[in-house]
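Colleague: First, the structure itself, so that you have it in front of you.
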Amino acid sequence: MEGVTSLVRGHRHLISNVTDVVVRVPSARSHFHLFRAITTTADGHRHVYFGRTGLSINGSGPFGGGPNHFHNFDKLTEITEGHRHRVKGTTTTNRVIRDSRP
């Protein structure tokens, strides 16, 4: 997941993280991922953000995890210094990480 937060109080933060746990949703023949990360520093502070992605899009196979699938995400950061930012976008397509298991 990579991107830029919404503009709040005259600044934005960069985000960059890798999703973590895969949660299978057999009834939807799909899955989603959990994530937790911290934004870059801007205006002297950072924000924690976490949540889950949406279900897989353009996936194949029994759990929607085929090549080139992606996920939408739309979350708010935790409040820091009295404000929060929106973190929104799509994950990049599948990247093979050696020795990883869903």
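Colleague: Could you list all residues from the range 1-46 that are within 14 Å of the chain's Cα centre (by Cα), in contact (Cβ under 8 Å) with a residue 40 or more places away in the chain and assigned to a strand (DSSP E or B)?
Modeller: Glu2, Gly3, Ile15, Val22, His31, His33, listed by residue number.
Colleague: Specify the residue that is surrounded by the fewest Cβ atoms within 10 Å (Cβ to Cβ); the eligible residues are those in the range 72-88 that are touching a residue at least 60 places away in the same chain (Cβ under 8 Å) and touching a Ser or Thr at 6+ places or on another chain (Cβ under 8 Å).
Modeller: Arg86
Colleague: Condition check: surrounded by 15 or more Cβ atoms within 10 Å (Cβ to Cβ) and among the hydroxyl-bearing types (Ser, Thr, Tyr). Does Ser30 satisfy that?
Modeller: When the stated conditions are applied, Ser30 passes them.
Colleague: Sticking with this structure for a sec: What number of residues within the range 47-57 are among the β-branched types (Val, Ile, Thr) and either outside any strand (DSSP E or B) or touching a residue at least 60 places away in the same chain (Cβ under 8 Å) (or both)? Spell out how you get there, then give the answer.
Modeller: Initial filter on the range 47-57 (among the β-branched types (Val, Ile, Thr)): 48, 53, 57.
Then keep just the ones that are either outside any strand (DSSP E or B) or touching a residue at least 60 places away in the same chain (Cβ under 8 Å) (or both); that gives 53.
Adding up the residues that qualify gives 1.
Colleague: Still on this structure: Go through Ser6, Ser27 for me and flag whichever is at pLDDT below 95 and among the hydroxyl-bearing types (Ser, Thr, Tyr).
Modeller: None of the other options fit; the residue is Ser27.
Colleague: Name every residue in the range 79-95 that is part of a loop (DSSP other than H, G, I, E, B), at pLDDT 95 or above and under 13 Å from the mean Cα position of the chain (by Cα), in order of residue number.
Modeller: Scanning the range 79-95 gives no hits.
The values are calculated or read from the model by the stated rules, or taken from the named source; none is laboratory data. Since this is a predicted model, take the numbers as computed values, not measurements. Methodologically, a virtual Cβ is constructed for each residue, glycine included, from the backbone with ideal geometry; neighbour enumeration extends over all protein chains shown.
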